[in-house]
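The structure appears below as C-alpha cells.
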Amino acid sequence: MRKETDLDGVKAIAKALLMTSVNQTPYSPMIVQHPFTSTGLIPFPTEMNKGFQPVDITLNEDNLKIWRESISQIIDEAENPYHIYMLLNPPYALTFLKLASPYLSRKDFSEILASAWINCEAPHNDPDLNKADLLSMFKSADPKALMEDDEYEQLQKLEDTLTVYRGVTSYNADNIKALSWSLSKETAEWFAHRFNQDGTVYEAQINKEHILAFFNGRNESEVILDPQYLTDITEVEDMTSDFSLSM
C-alpha cells in the first residue's frame, strides 16, 4: 500500500464509476441504483439560479450528461480521497474502496474503510465483494486509523479469549460465520428480532488475536473478526419475548 495517496488515481476510479449505467428499479425514477445516486430525480438550478427543480436523469441522455458533468467537476475539485468517498451512494462505497485501494495510503484506506463499513447497511451482501475481499481489507488496514482512540484502547483491554454473539434473521440465516459479531448479547438479540423477525442468536468463542477491529459508534460493541477462528458456535436459547435496545 502506498505511503502517500495518488489523488489523481482515486479520481480516475471515481470517474469510471460515474460513467456506469444508472440501473432502474420498479420505483424509477424515484429510486435507482448507481454509485453516485440512489434517485433519478436530481435537483438542478433553475434559470437565473432562483431555486432548484428536479431533473430526471433516466429520461434522456442530455439530462444524464449534464448530471455526470456536474459530479465530475466536484470530483476534480476534491482535495482528498475522503471528499470523493463522501459523494458515493453508501452501498457502493466498499466497491469503490476496493478499486481505489492501489492508489490510497494505508491511513486514507483505513479511515474510509471504517466509515464505509459502518454506514453500509449490509456489507456482507455486496455482490462485488466476497468474504475473502472484506477480510483482506481489514487485515490490510492500520488499526489505529481504522478505529477511534477509545475504541482502539478498549480492544487492547479485552481478555485473551472472548465470547461473541451474532443475531441473524431469515434474510441472513445462511451467513452465521460472518465478519461482524458483537460483545453484547443484547445487541445480537436486537438484530435477531428487528423487522419483526423471529431470528436466532448465536454464541461463539474466539481469541483476541483474531479480532481485527472494535466499533462502538452505534453502541453495538461490534467486533470485526476472522470467522475461520470461531469455535464452539452454539445457538442461544431465547429467554425473552420483549426487549428494546437504544441504538
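Summary table below
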read-out	value
Selection status of Lys131, surrounded by fewer than 17 Cβ atoms within 10 Å (Cβ to Cβ) and either of a type in the set (Val, Ile, Thr) or more than 14 Å from the chain's Cα centre (by Cα) (or both)	no
Unique match (being closer than 30 Å to Arg106 by Cα and either in contact with a strand residue (DSSP E or B) (Cβ under 9 Å, 6 or more places away or on another chain) or outside the structural domain of Ile118 (by TED's automatic domain parsing) (or both)) among Glu203, Glu235, Glu222, Glu189	Glu222
Ser72 closer than 16 Å to Lys15 by Cβ and touching a residue at least 12 places away in the same chain (Cβ under 8 Å)	yes
Pro35 being within 27 Å of the chain's Cα centre (by Cα) and within 30 Å of Ala114 (Cβ to Cβ)	yes
Strands (runs of 3 or more DSSP E) lying entirely in the stretch 143-240 (those with 2 or more residues that are without any contact (Cβ under 8 Å) to a residue 60 or more places away in the chain)	161-168, 180-182, 200-207, 231-236
Selection within the stretch 155-178 - over 18 Å from Asp226 (Cβ atoms) and either at pLDDT below 95 or crowded, with 16+ Cβ neighbours inside 10 Å (or both)	Gly167, Val168, Thr169, Ser170, Tyr171, Asn172, Ala173, Asp174
Test: Ile31 is in contact with a Leu (Cβ under 7 Å, 6 or more places away or on another chain) and within 19 Å of Thr20 (Cβ to Cβ)	no
Answer residue from the stretch 179-207, given it is under 23 Å from Ala114 (Cβ atoms) and over 23 Å from the mean Cα position of the chain (by Cα) and is surrounded by the most Cβ atoms within 10 Å (Cβ to Cβ) among those	Ile206
Odd one out for Tyr85, checked against (1) at pLDDT 95 or above; (2) within 13 Å of the chain's Cα centre (by Cα); (3) surrounded by 19 or more Cβ atoms within 10 Å (Cβ to Cβ); (4) over 19 Å from Thr39 (Cα atoms)	(4)
Residues of the stretch 187-228 that turn out to be farther than 21 Å from Thr169 by Cα and either in contact with a Gly (Cβ under 7 Å, 6 or more places away or on another chain) or small (Gly, Ala, Ser) (or both), as a count	2
Count of residues meeting criterion [in a helix (DSSP H, G or I), among the aliphatic types (A, V, I, L, M) and in contact (Cβ under 8 Å) with a residue 12 or more places away in the chain] in the stretch 112-141	8
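Matching residues to (1) modelled with pLDDT of 95 or more; (2) in the same structural domain as Tyr165 (by TED's automatic domain parsing); (3) of a type outside the set (Asp, Glu):
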{"residue": "Leu212", "(1), (2), (3)": "yes, yes, yes"}
{"residue": "Arg218", "(1), (2), (3)": "no, yes, yes"}
{"residue": "Asp226", "(1), (2), (3)": "yes, yes, no"}
{"residue": "Leu230", "(1), (2), (3)": "yes, yes, yes"}
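The values are calculated or read from the model by the stated rules, or taken from the named source; none is laboratory data. Everything numeric in this text was worked out from a predicted model, so none of it was measured. Note that each Cβ is placed from the backbone with ideal geometry, even for glycine, and that neighbours are counted across all protein chains shown.
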